[in-house]
1. Where in the stretch 303-321 is the amide nitrogen less than 14 Å from a point lying 7 Å along the Cα-to-Cβ axis of Leu271?
2. How much solvent-accessible surface does Trp380 expose, in Å² to the nearest 10, with a 1.4 Å probe and all protein chains in place?
3. Charges at C-beta only: +1 for Lys and Arg, -1 for Asp and Glu. How large is the resulting dipole of the chain about its Cα centre, in Debye rounded to 20?
4. Name the most mobile residue of Met27, Met357, Met417, meaning the one with the largest mean-square fluctuation, in a Gaussian network model of the chain with Cα contacts below 10 Å.
5. Counting only Cα, what are the radius of gyration and maximum Cα-Cα distance Dmax of the chain, in Å?
6. On a C-alpha basis, how far is the centre of the stretch 314-378 from the centre of the stretch 33-65 in Å? Whole number, if you could?
7. Pairs of alpha-carbon atoms within less than 8 angstrom and 6+ residues apart define the contacts here; what relative contact order does the chain have, in percent?
8. Please compute the net charge surrounding Gly248, taking Lys and Arg as +1 and Asp and Glu as -1 over other residues with Cβ under 14 Å from its Cβ.
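The values are calculated or read from the model by the stated rules, or taken from the named source; none is laboratory data. Because the structure is a prediction, the values reported are computed rather than measured. Cβ sites come from the backbone with ideal geometry, for glycine too, and all protein chains shown count toward neighbours. Ligands, DNA and RNA are excluded from the accessible area calculation, which covers all protein heavy atoms including side chains. Shrake-Rupley method; radii C 1.70, N 1.55, O 1.52, S 1.80 Å.
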Amino acid sequence: MYKTQIEAAKQGIITPQMEVVAKKENMDVEILRDRIARGTVVIPANRNHKSLSPEGIGEGLKTKINVNLGISGDCHDYEEEFKKVRMSIDYGAEAIMDLSNYGKTHTFRQELIDMSPAMIGTVPMYDAVGYLEKDLKSIEAKDFLRVVEAHAKTGVDFVTIHAGINRKTIDTFKQTKRLTNIVSRGGSLLFAWMEMTGNENPFYEYFDELCDILHEYDVTISLGDAMRPGSNHDSTDASQITELIELGILTKRAWEKNVQVMIEGPGHMVLNEIKANMEIEKRLCHGAPFYVLGPIVTDIAPGYDHITSAIGGAIAATYGADFLCYVTPAEHLRLPDVDDVKEGIIASKIAAHAADMAKGIPHARDIDNKMSDARRRLDWDEMFDLAIDGEKARKYFESKPPQDRHTCSMCGKMCAMRTTNYILEGKDVSLLSSSEK
């Protein structure tokens with residue numbers, strides 16, 4: 001008998017979820033099972049998430065993307081958040097993280113799990129104050145585990161747990177100093193709790209008990225990067241690397257408990273450091289799948305951070321990241337609206353797909369080849385069908401329609417495709433209209 005995907009894989013058992021993922025990835029299911037057993041692939045699939053369409057994350061698989069959303073104190077329009085959910089699913093996001101920290105978080109989360117085929121993730125730390133109805137300083141260490149268990153029972157597929165910010169990590173942080181200090185919301189709350197109470201991080205101190213809860217429901221632990229850099233200045237510093245070493249140790253402990261593991265990473269990072277960071281994570285964390293937020297490659301583009309993130313995400317995924325967390329144009333500024341969410345999803349999907357082609361994921365180029373063929377034939381409808389955002393592409397094309405539909409309004413009859421097609425078909429190329437001759 002087994003309770004988790006990694007437990008089944010170690011026993012040589014092919015689960016229904018493995019069958020689904022292998023088919024989606026065009027992969028031999030036995031190869032997939034072996035990678036799950038070794039921990040280099042995860043299938044986050046809580047047994048209570050009945051509407052889930054399973055996805056794999058990790059070695060040799062397509063790069064997946066995650067969408068963050070949720071209710072906050074300043075913006076708590078539940079219907080607006082569900083519009084974002086539906087859009088995320090329509091545009092093919094494989095995961096949605098509910099980061100709600102205000103109001104009826106349980107109700108929102110339960111409805112989300114009931115209707116979503118995408119994986120659902122949460123950060124239980126965000127929910128602790130509201131769920132326990134205690135101020136941060138008053139929360140007891142094992143109270144935090146109660147929140148995790150509540151999320152697990154609901155059907156959450158993966159949880160971000162900042163277990164690597166322990167006393168050792170904090171000592172490093174205090175000694176080396178940073179320009180932007182701690183920018184992880186969950187990490188900063190744990191840092192505050194530890195400093196106010198004088199206690200060790202409860203998720204680190206009671207890590208085995210935490211794993212027992214996750215094992216019961218097959219919840220994948222996403223070991224959070226509390227010390228991720230919040231500026232290019234702080235990237236690849238001692239605090240970040242100290243925490244990553246701790247996460248590597250915790251990875252093996254979780255695997256021993258038959259709990260699936262992902263590792264979370266930066267953050268803000270200069271372009272030339274990204275490749276090395278991917279390699280360091282894979283080395284220190286024993287090949288566990290890497291889930292990155294961005295990385296954001298410059299700090300001066302508020303309003304355009306979906307672009308800075310897509311640049312970093314494409315490079316990160318090319319060199320080893322397996323899972324990209326989207327970033328919207330509203331990053332650092334406000335809660336994203338529906339349009340922001342769409343822009344963030346598209347940018348992240350472009351980055352993921354570009355990386356999949358670069359790292360040779362089987363069949364990743366197929367759709368690009370179909371698009372190129374449609375462009376050669378000037379078949380606009382087929383191009384719109386193949387585009388990541390065909391609706392936007394069609395809107396642009398039709399906003400300034402050409403006289404000849406076999407061209408666009410930029411090139412007109414000087415369209416290179418049209419010219420070449422005509423010559424290869426044995427036709428003459430005429431650029432003047434009949435009235436101009």
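1. Residues passing the 14 Å test: 308-316.
2. Using a 1.4 Å probe on the heavy atoms, I get roughly 40 Å².
3. Approximately 840 debye in magnitude.
4. Among Met27, Met357, Met417, the largest mean-square fluctuation in the Gaussian network model of the chain belongs to Met417.
5. Both quantities, over Cα of the chain: 23.7, 88 Å.
6. 20 Å
7. Relative contact order for the chain comes out at 14 percent.
8. -2
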